[in-house]
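The structure appears below as structure tokens.
The values are calculated or read from the model by the stated rules, or taken from the named source; none is laboratory data. Keep in mind the model is a prediction, meaning the values are calculated, not measured. Counting neighbours? That spans all protein chains shown, and the Cβs are built from the backbone with ideal geometry, glycine included. Accessible surface is based on the protein model in full, side chains and every heavy atom, while ligands, DNA and RNA are left aside. Shrake-Rupley method; radii C 1.70, N 1.55, O 1.52, S 1.80 Å.
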Amino acid sequence: MIKVLIIDDEPLARSIVKEYLQDYTQIEVLEECRDGFEGVKAIMQHQPDLIFLDIQMPKINGFEMLELIDRPPSVIFTTAFDEYAIRAFEAHAIDYLLKPFNKERFDKALQKWLAQEANNTGTLFAPALLTTAAQTPLQHSRIVVKSNGKIKIIPLHDIQYLEAADDYVKIHTASGTHLKNKTMQYFEQFLDARQFVRTHRSYMVNIQQVTRLDPYEKENYIAVLHTGLKVPVSKTGYLKLKQVLGI
């Protein structure tokens with residue numbers, strides 16, 4: 001049996017997908033989830049082969065949910081997202097169902113996935129989409145992380161600085177430090193360059209937290225934050241800070 005989850009905050013949308021799946025006797029719907037929190041939990045529990053995923057959901061959206069999963073299953077998006085996002089899906093060879101969709105369009109998407117699975121040609125989900133998806137306004141205001149099985153939403157204004165840590169980035173806030181499985185390069189592209197500046201190969205700072213810049217050794221500096229914490233600033237980083245701060 002093919003294991004499937006339906007993740008959508010709209011009961012009608014979930015019922016339509018479930019109804020359309022009744023023609024596929026090889027598919028078993030293991031669970032219906034109302035939001036991304038339930039979706040993460042269900043994916044970890046059931047390890048599904050395929051999920052039907054809405055994008056615009058309360059709490060965390062579909063893109064943010066996928067970021068919290070180490071190895072996402074295959075995904076067919078069910079979305080009312082705008083035309084710009086749909087072009088992004090197509091560019092990354094991802095199938096999607098634009099609401100409201102009919103049975104014919106549903107069958108086409110599902111048959112495409114079944115054919116790829118039969119030929120062992122891989123998943124419909126492309127992680128590269130998450131970089132494109134990060135351009136949505138909501139995701140420019142927060143970062144979602146998973147820590148000890150719990151999901152935490154961090155507003156960007158709460159971040160003091162970011163620090164590279166092997167395959168992760170440490171997100172330092174007043175309430176503690178959180179790990180995100182991303183690179184510094186990702187955050188440099190994702191975060192507003194007027195608010196966050198990469199001061200060093202391994203550090204990025206929220207300029208709202210900076211109180212002063214102190215000379216260090218050679219042509220390097222130290223950025224002193226409101227909390228007294230100190231963040232390294234390279235020669236290149238210093239030039240970036242000067243430009244953003246207007247000094």
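Given the structure, is residue 172 at negative phi and surrounded by 14 or more Cβ atoms within 10 Å (Cβ to Cβ)?
Yes, satisfied.
Could you please give the count of residues in the stretch 23-42 that are in a loop (DSSP other than H, G, I, E, B) and within 29 Å of residue 155 (Cα to Cα)?
Matching residues across the stretch 23-42 total 2.
Got a sec? Which of 247, 207 is open to solvent by less than 50 Å² (accessible area, probe 1.4 Å), more than 14 Å from residue 163 (Cα to Cα) and of a type outside the set (Asp, Glu)?
Exactly one residue qualifies, and that residue is 207.
Provide a single number: the residues in the stretch 175-192 that are open to solvent by less than 20 Å² (accessible area, probe 1.4 Å) and closer than 11 Å to residue 204 by Cβ.
Residues flagged as open to solvent by less than 20 Å² (accessible area, probe 1.4 Å) and closer than 11 Å to residue 204 by Cβ within the stretch 175-192 amount to 4.
I'm trying to understand the selection: among the residues of the stretch 157-169, which are under 17 Å from the mean Cα position of the chain (by Cα) and surrounded by fewer than 17 Cβ atoms within 10 Å (Cβ to Cβ)?
167, 168
Does at least one position in the stretch 150-164 carry a residue that is part of a loop (DSSP other than H, G, I, E, B) and either aliphatic (A, V, I, L, M) or modelled with pLDDT under 90 (or both)?
no
Report the residue count in the stretch 10-25 for those that are over 28 Å from residue 143 (Cβ atoms) and either open to solvent by 70 Å² or more (accessible area, probe 1.4 Å) or among the aliphatic types (A, V, I, L, M) (or both).
10
Report the residue count in the stretch 43-65 for those that are more than 18 Å from residue 143 (Cβ to Cβ), part of a loop (DSSP other than H, G, I, E, B) and either at pLDDT 90 or above or of a type in the set (Lys, Arg) (or both).
3
Using beta carbons and a limit of 6 Å, which pairs, at least six apart or on different chains, have the first residue in the stretch 103-114 and assigned to a helix (DSSP H, G or I) and the second one among the aromatic types (Phe, Trp, Tyr) and open to solvent by 10 Å² or more (accessible area, probe 1.4 Å)?
Pairs that qualify, where the first residue is assigned to a helix (DSSP H, G or I) and the partner is among the aromatic types (Phe, Trp, Tyr) and open to solvent by 10 Å² or more (accessible area, probe 1.4 Å), are 103/20; 106/20.
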